[in-house]
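Q: This is the structure I have questions about; it appears just below.
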Amino acid sequence: MEKGKELEDFIEKIAEEHGWRVEKRRKYGDRILDLVISKGGTVFIVQSKNTDQAMPSDVSQTRKDFEEYVRWLLEEKLGLSVVPILVSRSFSDGAKGRARGYGVLLYTVDELESLLAERARAREDD
């Protein structure tokens with residue numbers, strides 16, 4: 001196998017031979033995933049790299065693919081909003097920067113209490 005597509009095709013073939021459902025090169029949220037292999041209640045998010053050795057960036061890309069699929073599944077399929085929040089008395093500049101990059105919201109206890117009260121009122125109005 002010389003190209004990435006050939007590896008994807010090979011993985012698809014062996015998965016289907018074992019009764020798995022395979023989706024190739026499909027967009028979920030903001031990312032196009034190489035392969036989504038599912039059967040019963042199990043889903044594998046597969047990033048295929050037809051290289052001699054996978055690199056740390058390949059692991060990061062696979063993690064991002066997984067996170068985007070889970071976000072898509074929760075929001076688009078189930079209609080849920082899942083929000084990561086870190087609560088502390090204060091936040092360093094480094095924590096603020098990393099939180100922006102990771103999509104983590106930062107709240108003090110008082111800010112979180114206000115958020116929860118506001119959201120509870122909004123739900124009552126629905």
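Q: I'm told residue 63 meets every condition in (1) touching a strand residue (DSSP E or B) at 6+ places or on another chain (Cβ under 6 Å); (2) assigned to a helix (DSSP H, G or I); (3) not acidic (Asp, Glu) except one. Can you identify the failing condition by its number?
A: (1)
Q: Might you check whether a residue that is assigned to a helix (DSSP H, G or I) and among the acidic types (Asp, Glu) occurs anywhere in the stretch 19-35?
A: No, the stretch 19-35 contains no residue that is assigned to a helix (DSSP H, G or I) and among the acidic types (Asp, Glu).
Q: Among the residues of the stretch 76-86, is any in a helix (DSSP H, G or I) and out of contact with any helix residue (DSSP H, G or I) (no Cβ under 9 Å at 6 or more places or on another chain)?
A: Checked the stretch 76-86: at least one residue is in a helix (DSSP H, G or I) and out of contact with any helix residue (DSSP H, G or I) (no Cβ under 9 Å at 6 or more places or on another chain).
Q: Let me ask something else about it. Read through the list (1) out of contact with any Asp or Glu (no Cβ under 7 Å at 6 or more places or on another chain); (2) loosely packed, with under 10 Cβ neighbours inside 10 Å, then give the number of the only condition that residue 81 fails.
A: (1)
Q: Kindly evaluate residue 106 against the criterion of being in contact with a Phe, Trp or Tyr (Cβ under 6 Å, 6 or more places away or on another chain) and surrounded by 10 or more Cβ atoms within 10 Å (Cβ to Cβ).
A: Answer is yes for this residue.
Q: Going by the conditions given, is residue 90 without any contact (Cβ under 8 Å) to a residue 40 or more places away in the chain, surrounded by fewer than 12 Cβ atoms within 10 Å (Cβ to Cβ) and under 24 Å from residue 107 (Cα atoms)?
A: Here the answer is yes, as residue 90 does meet what is asked.
Q: When you check residue 118 against the structure, is it part of a helix (DSSP H, G or I), modelled with pLDDT of 95 or more and out of contact with any Phe, Trp or Tyr (no Cβ under 6 Å at 6 or more places or on another chain), yes or no?
A: no
The values are calculated or read from the model by the stated rules, or taken from the named source; none is laboratory data. The shown structure was predicted, so the numbers you read here are calculated from the model rather than taken from an experiment. Note that we place each Cβ from the backbone using ideal geometry, even for glycine, and neighbour counts take in every protein chain shown.
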